[in-house]
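Trainee: Attaching a single structure in structure tokens format; questions to follow.
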Amino acid sequence: MSFKQLAIIGPTASGKSDLALKIAKQIDAYILSIDSLSIYKEINIVSAKPSADELAQIKHFGINEIYPNEYFSVDIFADLYKKVLSTCKKEKKNLVIVGGSSFYLKMLMDGLSQLPNITNTHKLHVEKKLQDLAASYEFLQNIDAAYMSKIAANDRYRIEKALLIYEASGLTPSAWFIQNPPQALIEDLEIYNIDVERNILRERITKRTQKMQETGLIDEVCYLEQKYTRAPHSMGAIGIVEVLEFLDAKVEKDVMLQNIATHTAQLAKRQQTFNRTQFTTLISAKLEDLENIILRKF
């Protein structure tokens, strides 16, 4: 059997997960989620991740991989994709990539640059420098202003990465990436986009928000805050921020739900724009038509 993979993208609440499950069953595939919240364990209701029953039907990757206070980046996702690809080929399975965070998909197609060989000595040296984050940032600005112009002064992860590149290669990050251009991880991929009218999508988002509330949204956010505090990046997600405002008595419950629905609809619009502008070969169709379109090709 020759390995095949495809991607299903679309705005949040458009029906991607259900469609992916149907397709995966029919083409003997595993599923890789590209959803920036489903990657976290314990963020279940807010992320609207597939149910335990759905996860049991088909092997999923990219769901419940890390805890909410752990760091996640495109580099980590690239490594995850490589492992999934290896598993699929070893176990003679196809792959369905699905989710709303399609910048991860874009990254797989555009590729990442290889990093220099970073030793423990390099790491220890950089760790010492990072004790003064402001000085490290200023140093990098002085040697590579163009690269650092896209990095905030408090972005410890990216400052550390830039320092490690410099320590390990002797080159500025800009010079390193010029000499080591990105290499695509996926070169040929059919991408299917769910085309949904805005009023229908808004209605689905409103219903989903209400369902989240009924199934324990507030309790989940209370639990997450108590266990992880509000500091982790994941705690700034839509659905969590609005509930925290409610818990702080800044808004009433109905306003909280309205805010979640509004902010989710705004996210959906951004996702639609990104998908339309970032992928040159995109097969778009209504949800009810996509299953047949995909299966005709596979």
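Trainee: What per residue convex hull volume, in Å³, comes out for region 129-266 when only alpha-carbon positions are used?
Mentor: 196 Å³
Trainee: Along the Cα-to-Cβ line of Lys253, 7 Å from the Cα, sits a label point; which residues in region 201-239 have backbone N less than 17 Å from it?
Mentor: Within reach of a label on Lys253, which here means backbone N under 17 Å from a point 7 Å along Cα→Cβ, region 201-239 contributes 207-223.
Trainee: Let me ask something additional. Above 15 Å lies some portion of the pair distances; for region 60-155, what is it as a whole percent of all C-alpha pairs?
Mentor: In whole percent, the share of Cα-Cα pairs in region 60-155 beyond 15 Å is 75.
Trainee: Now a separate question. 5 Å is the cut-off here: which amide hydrogens, built 1.01 Å from N in the peptide plane, fall below it relative to Ile97, excluding neighbours closer than 5 in sequence?
Mentor: Sorted by chain and number, the residues that satisfy this are Leu6, Ala7, Ile8, Leu32.
Trainee: Which of the peptides 265-272, 290-297 is most tightly packed, and how do the rest follow, judged by the mean count of other Cβ atoms within 10 Å per residue?
Mentor: 265-272, 290-297
Trainee: Provide, as a two-decimal number, the C-alpha radius of gyration of region 152-221 over 2.2 N^0.38 Å, N being how many residues it has.
Mentor: Normalised by 2.2 N^0.38 Å, the Cα Rg of region 152-221 equals 2.02.
Trainee: What fraction of the Cα pairs in region 191-237, stated in percent, has a spacing above 13 angstrom?
Mentor: Summing the P(r) tail past 13 Å for region 191-237 gives 69 percent.
Trainee: In addition: Where does the chain land on Rg(C-alpha)/(2.2 N^0.38 Å)?
Mentor: For the chain, the normalised Cα radius of gyration is 1.09.
Trainee: Starting from the Cα gyration tensor of region 120-179, take the square roots of the eigenvalues, sort them a ≥ b ≥ c, and report rounded, prolate or oblate (rounded when a/c is under 1.5, otherwise prolate if a/b is larger than b/c, else oblate).
Mentor: oblate
Trainee: Still on this structure, I have one more. Rank by packing, highest mean first: peptides 14-24, 134-144, 154-164, with packing defined as the count of other Cβ atoms within 10 Å averaged across residues.
Mentor: 14-24, 154-164, 134-144
Trainee: Which value, in debye to the nearest 20, gives the size of the charge dipole of the chain about its Cα centre, when Lys and Arg are +1 and Asp and Glu are -1 at the Cβ?
Mentor: 660 debye
Trainee: Post the alpha-carbon centroid distance, region 160-182 to region 2-75, in whole angstrom.
Mentor: Cα centroid to Cα centroid, the span is 33 Å.
Trainee: Amide H of Tyr67 versus every other amide H placed in the peptide plane: which residues, excluding those fewer than 5 positions away on the same chain, fall under 5 Å?
Mentor: Result for Tyr67 returns Lys41.
Trainee: While we're looking at this one, here's another question. Simple spin-label model, 7 Å along Cα-to-Cβ: Lys89 to Phe3 in nm?
Mentor: The answer from the label model is 0.4 nm.
Each value in this text was obtained by applying a stated rule to the coordinates, not by laboratory testing. Just so we're clear, the structure is a prediction, and the values are computed from it rather than from any experiment. For neighbour counting, all protein chains shown are included, and Cβ atoms are generated from backbone atoms with ideal geometry for every residue, glycine included.
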